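In what follows, a structure is listed as structure tokens, so that the remarks can point back to it.
The values are calculated or read from the model by the stated rules, or taken from the named source; none is laboratory data. Predicted model, so just to flag it, every value in this text is computed and none were measured. Ideal geometry is used to build each Cβ from the backbone, glycine not excepted, and the neighbour counts take in all protein chains shown. Quick note on the areas: whole protein, heavy atoms, side chains included, nothing else; ligands and nucleic acids left out. Shrake-Rupley method; radii C 1.70, N 1.55, O 1.52, S 1.80 Å.
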Amino acid sequence: MKKLTIRKCKLEDSKSILKIFNSSVKMGYTETKKKIKFALHHLWLEKKLLSKKSFFFVGKFDKKIIGYVRFDKTYLKEYNISIALKNQFIGKGFGSKFLKNSINKLIKIKEIKLITSKVKKKNINSTNFFLRNNFVEIISNKSKLSNYRYFKLNIS
């Protein structure tokens with residue numbers, strides 16, 4: 001039976017991750033306005049994988065990478081999350097399962113108190129995703145003037 005598995009990202013996952021990321025760029029869901037070239041992405045990923053402040057996981061279904069989740073430390077026990085799935089897996093429950101299992105993996109590695117996320121206002125799917133997964137919207141003067149919505153999840 002096919003199931004979602006999660007593992008730490010490896011450098012050889014670079015092409016799969018870039019393809020998923022560039023799909024988000026194309027839809028206008030990222031801060032990045034243009035698609036990223038492989039060489040630049042590969043160097044960036046190598047640095048992220050070596051960093052002690054970033055934790056990067058890939059989700060696999062039927063032995064193929066379907067998405068990634070990255071946690072970047074922002075302050076003491078606080079992390080910012082970036083998550084993306086291949087389009088054909090969105091809206092089918094994979095994201096929620098991937099998110100939950102990735103958070104559980106991170107908790108085994110590091111002590112966490114807070115996870116935050118920044119989502120473009122036009123990205124309704126991601127907004128609904130974070131709200132469905134117990135994130136709470138942070139509303140401030142900054143967010144009212146921004147093109148982004150901000151979310152947080154307290155880990156107890």
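Using only Cα atoms, figure out Rg for segment 79-129 and give it as a multiple of 2.2 N^0.38 Å. So the Cα radius of gyration is 1.22 times the expected 2.2 N^0.38 Å. With springs only between Cα atoms under 10 Å, which of I115, I138, I81 fluctuates most in a Gaussian network model of the chain? Top of the fluctuation ranking is I138.
Stretching I138 away from K63 to a fully extended chain increases their span by 23.3 nm, per 0.36 nm per residue minus the current alpha-carbon distance.
The simple Förster model, with R0 at 41 Å and r as the Cβ-Cβ distance, assigns K35 and E111 a FRET efficiency of 0.65. For E12, the accessible surface of its heavy atoms amounts to roughly 140 Å² (probe 1.4 Å, protein chains only, rounded to the nearest 10).
Place a point 7 Å from the Cα of S146 along the Cα-to-Cβ direction; which residues of segment 22-61 have their backbone N under 15 Å from it? Within reach of a label on S146, which here means backbone N under 15 Å from a point 7 Å along Cα→Cβ, segment 22-61 contributes 30-32.
Give the separation of the Cα centroids, segment 1-77 to segment 123-138, in Å. Comparing the Cα centres of segment 1-77 and segment 123-138, I get a distance of 20 Å. A straight chain from K19 to K92 at 0.36 nm per residue would run longer than the Cα-Cα distance by 24.3 nm. When the listed pairs K2/K118; K37/K105; K15/K64 are checked against a 22 Å cut-off, the alpha-carbon distance exceeds it for K2/K118; K37/K105.
Name the shape class, rounded, prolate or oblate, that the alpha-carbon gyration tensor gives for segment 1-87, where a ≥ b ≥ c are the square roots of its eigenvalues, rounded holds for a/c under 1.5, and otherwise prolate holds if a/b is larger than b/c and oblate otherwise. Rounded is the answer for segment 1-87, as its axis ratio a/c remains below 1.5.
Can you work out the FRET efficiency for the pair T74 and K3, with r the C-beta to C-beta distance and R0 = 35 Å, to the nearest 0.05? The calculated FRET efficiency here is 0.65. Estimated at the nearest 10 Å², the accessible area of D62 is 80 Å² with a 1.4 Å probe. Among S51, S14, S146, the order of accessible area from largest down is S51, S146, S14, computed with a 1.4 Å probe on protein heavy atoms. The alpha carbon gyration tensor of the chain gives principal lengths a ≥ b ≥ c with a/c below 1.5, which makes the shape rounded. Estimated from helical segments only, the mean residue ellipticity of the chain at 222 nm is -11000 deg cm²/dmol, where each DSSP H run of four or more residues counts as -39500 (n - 2.57).
Would segment 39-131 count as rounded, prolate or oblate if I go by the C-alpha gyration tensor, calling it rounded below 1.5 in a/c and otherwise prolate when a/b exceeds b/c, oblate otherwise? Cα axes put segment 39-131 in the rounded bin.
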